Amino acid sequence: MDERSSFGHELETAYLLLEATELLQRDDDRKTRRKALELVDHSLRWGWDQTNGGFYDEGPPTGPPTRTSKVWWVQPEGMNGLLTAARIAGDNASDYRKAFASTWQFFRDHMVDHKYGGCYDSVSADGSPLPGRRHKATPWKTAYHVTRAMLFAIHELRHADDGYRTRQKATR
């Protein structure tokens, strides 16, 4: 069995788990909330770039990343996961918000093409272009990761101080 962690998928799963509990009106589901935080915390522990911000591509379940490139879709899913974690984390919310801000800054500064729009496929850990990877379109690249993350971020940041239950009721 191939044992590796895809940090973007862990972060996306955390976000989607909590979205599902909200849609099912099960906002008291502590087990799901705990699992979502565990997924985000695992990605922060093993897949987070503390120097430059943003999330690496992948690595073993417990150890440093083996692919330290920063892939376009992982950063938006990271932003979703971090804002979702901040919403439910209580006293630790500021840690997740700081990581969100750092991920957003890395994505904005190194992955977004400010001249022609869109974002680059992947960059190195420090944000410099990877040889042969400066393209923006691939057969697998779609706009939903970035679009969903930006819409979610706008909503979450506008309502960051409303509280978890108040925000849920407003979106139903």
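From the list LYS98, LYS35, exactly one residue is free of Cβ contacts under 8 Å to residues at least 24 places away in the same chain, in contact with a Leu (Cβ under 7 Å, 6 or more places away or on another chain) and assigned to a helix (DSSP H, G or I). Which is it?
Answer to the selection: LYS35.
With respect to GLU19, determine if the residue is surrounded by fewer than 23 Cβ atoms within 10 Å (Cβ to Cβ), modelled with pLDDT of 95 or more, closer than 30 Å to GLY118 by Cβ and among the acidic types (Asp, Glu). Please lay out each step first, then the result.
Values: surrounded by fewer than 23 Cβ atoms within 10 Å (Cβ to Cβ): yes; modelled with pLDDT of 95 or more: no; closer than 30 Å to GLY118 by Cβ: yes; among the acidic types (Asp, Glu): yes.
Against the criterion (surrounded by fewer than 23 Cβ atoms within 10 Å (Cβ to Cβ), modelled with pLDDT of 95 or more, closer than 30 Å to GLY118 by Cβ and among the acidic types (Asp, Glu)), GLU19 does not qualify.
Among the residues of the stretch 127-159, how many are assigned to a loop (DSSP other than H, G, I, E, B), within 18 Å of the chain's Cα centre (by Cα) and over 16 Å from GLY78 (Cβ atoms)?
Step one: filter the stretch 127-159 for residues assigned to a loop (DSSP other than H, G, I, E, B), giving 127-128, 130-143, 159.
Remaining after also requiring within 18 Å of the chain's Cα centre (by Cα): 127, 141-143.
Filter again for over 16 Å from GLY78 (Cβ atoms), leaving 141-143.
Of the residues in that region, 3 qualify.
Would you point out the residue of the stretch 31-55, among those that are hydroxyl-bearing (Ser, Thr, Tyr) and farther than 23 Å from THR147 by Cβ, that is modelled with the highest pLDDT? Spell out the reasoning first.
From the stretch 31-55, those hydroxyl-bearing (Ser, Thr, Tyr) are 32, 43, 51; that's our starting set.
Of the ones still in play, those that are also farther than 23 Å from THR147 by Cβ are 32, 51.
Values: THR32: 94, THR51: 97.
Among them, the one singled out is THR51.
Can you name every residue in the stretch 149-159 that is in contact (Cβ under 8 Å) with a residue 12 or more places away in the chain and either surrounded by fewer than 17 Cβ atoms within 10 Å (Cβ to Cβ) or of a type in the set (Ser, Thr, Tyr) (or both)?
MET150, HIS155, LEU157
For ASP41, state whether it is over 20 Å from SER102 (Cα atoms) and not β-branched (Val, Ile, Thr). Working first, answer last.
Values: over 20 Å from SER102 (Cα atoms): no; not β-branched (Val, Ile, Thr): yes.
No, not satisfied.
Being in a loop (DSSP other than H, G, I, E, B) and free of Cβ contacts under 8 Å to residues at least 40 places away in the same chain: is that true of ARG26 here? Spell out the reasoning first.
Details: in a loop (DSSP other than H, G, I, E, B): yes; free of Cβ contacts under 8 Å to residues at least 40 places away in the same chain: yes.
Against the criterion (in a loop (DSSP other than H, G, I, E, B) and free of Cβ contacts under 8 Å to residues at least 40 places away in the same chain), ARG26 qualifies.
Please go through the stretch 84-95 and pick out each residue that is under 20 Å from GLU22 (Cα atoms) and free of Cβ contacts under 8 Å to residues at least 40 places away in the same chain. Show your work before the answer.
Taking the stretch 84-95 as the starting set, the residues that turn out to be under 20 Å from GLU22 (Cα atoms) are 84-90, 93.
Correct list: GLY90, ALA93.
The values are calculated or read from the model by the stated rules, or taken from the named source; none is laboratory data. All figures in this text were calculated on a predicted structure; none of them were measured in a lab. A quick note on method: Cβ atoms are made from the backbone with ideal geometry, for glycine too, and the neighbour counts reach across all protein chains shown.
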